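Okay, structure first, notes after.
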Amino acid sequence: MHNDVVVIGAGQAGLSAAYELHRRGADSVVLDADAGPGGAWQHRWPSLRLDKAHRIAPLPGMDLPDADPAAPASEVVSAYFAEYERRFELPVRRPVAVRAVHRTDEGFVLDTSAGEWTARGLVNATGTWTRPFWPAYPGRELFGGRQLHAADYRGAAEFAGQRVVVVGGGTSAVQQLIEISEVAAATTWVTRREPVWRTGPFDEDAGRAAVALVDERVRAGLPPVSVVGVTGLMETEAVHAARTRGVLDRLPVFDRLTADGVAWDSPARSVPADVVLWATGFRAALDHLAPLHLRSAGGGVVMDGTRVVAEPRLHLVGYGPSASTIGANRAGRSAVRELLRTLGDGLAA
């Protein structure tokens with residue numbers, strides 16, 4: 001099978017790119033590994049309500065639907081993505097997992113679960129959801145309780161009456177910690193760095209400053225930093241209420257896990273735990289691009305905007321400065337425009 005442009009992934013960034021390709025009449029297809037529409041949103045925990053979700057942005061050309069603010073964000077956004085694909089007749093093929101991408105003189109060969117695919121250009125939009133990050137800490141194999149990643153969190157009810165340690169300083173960590181604290185016997189929050197809280201609005205100037213910091217890293221070939229690490233955590237009514245209850249009294253991350261909890265060496269102390277929830281973020285899902293040998297000595301991919309400097313026929317969207325939902329829209333549009341110019345032969349409208 002062949003298409004001039006293949007988009008890998010049908011989340012926010014992938015659909016934004018697919019929309020621009022469709023609008024320009026390019027020969028394209030979207031290969032999505034999920035069984036249904038919704039990107040990473042379809043995997044969010046059911047208790048994450050629409051009004052509590054972090055920065056849902058509309059896709060280009062179609063507003064978000066009016067919905068009950070108390071409805072699960074996973075259901076609302078997944079239905080919105082599905083309608084978006086239908087309305088614009090986007091050529092999404094699923095479930096098709098891309099296992100490996102190889103370079104050829106004419107473009108690329110993709111090894112997929114649906115057979116071999118060839119393309120002249122690629123837009124990679126595989127995000128991070130399939131690559132949860134589990135940090136290495138001494139004693140992890142000794143801990144006798146349950147360990148799970150935030151990606152596997154389905155709701156607070158299963159933690160009722162338990163002692164829970166939440167590790168991580170991102171938005172998901174805070175949201176899940178607050179939910180769990182309502183039913184748990186005790187919660188402990190630990191982070192590597194002191195959390196930074198944003199009290200003012202996240203306006204355009206703040207957004208540009210955040211994007212510039214992340215862009216500087218990827219241009220240098222360094223791995224992208226966490227968005228929250230740049231923007232800070234948002235103050236909300238739920239945050240204020242949790243702080244009053246002492247839920248957000250953060251501790252520095254422990255030195256090791258023990259059979260029945262976590263421990264610090266200096267000063268010596270320990271906290272008993274039944275569960276350790278690793279809300280430690282994600283890494284870019286780029287393993288299928290490994291045959292292209294794109295990673296620099298710094299551990300990241302050297303980028304110029306969305307274009308991979310070492311391979312101009314490949315653009316990464318939803319990576320680095322375009323990892324936010326709003327940034328993904330802009331990235332999808334600009335990636336397609338630049339890629340079609342690169343491919344030439346009348347493809348660029």
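Structural remarks
- The set of residues in region 18-45 that are farther than 19 Å from P95 by Cβ and part of a helix (DSSP H, G or I) comprises Y19, E20, L21, H22, R23.
- Of all residues in region 244-271, those satisfying the criterion of being surrounded by fewer than 15 Cβ atoms within 10 Å (Cβ to Cβ) and in a strand (DSSP E or B) are L251, P252, R269, S270.
- When each of R256, R307 is tested for being in contact with a strand residue (DSSP E or B) (Cβ under 6 Å, 6 or more places away or on another chain) and under 21 Å from V101 (Cα atoms), the lone residue that passes is R307.
- From A238, A285, residue being crowded, with 16+ Cβ neighbours inside 10 Å and either at pLDDT 90 or above or in the same structural domain as G107 (by TED's automatic domain parsing) (or both): A285
- Any hit, region 62-82, residues being surrounded by 22 or more Cβ atoms within 10 Å (Cβ to Cβ), closer than 18 Å to A285 by Cα and either at pLDDT 95 or above or not polar (S, T, N, Q) (or both): no
- Any hit, region 158-169, residues being within 29 Å of A331 (Cα to Cα) and in contact (Cβ under 8 Å) with a residue 12 or more places away in the chain: yes
The values are calculated or read from the model by the stated rules, or taken from the named source; none is laboratory data. What you see is a predicted model, and the numbers here were worked out from it, not measured in a lab. Using ideal geometry, Cβ is built from the backbone for each residue, glycine included, and neighbour counts are taken over all protein chains shown.
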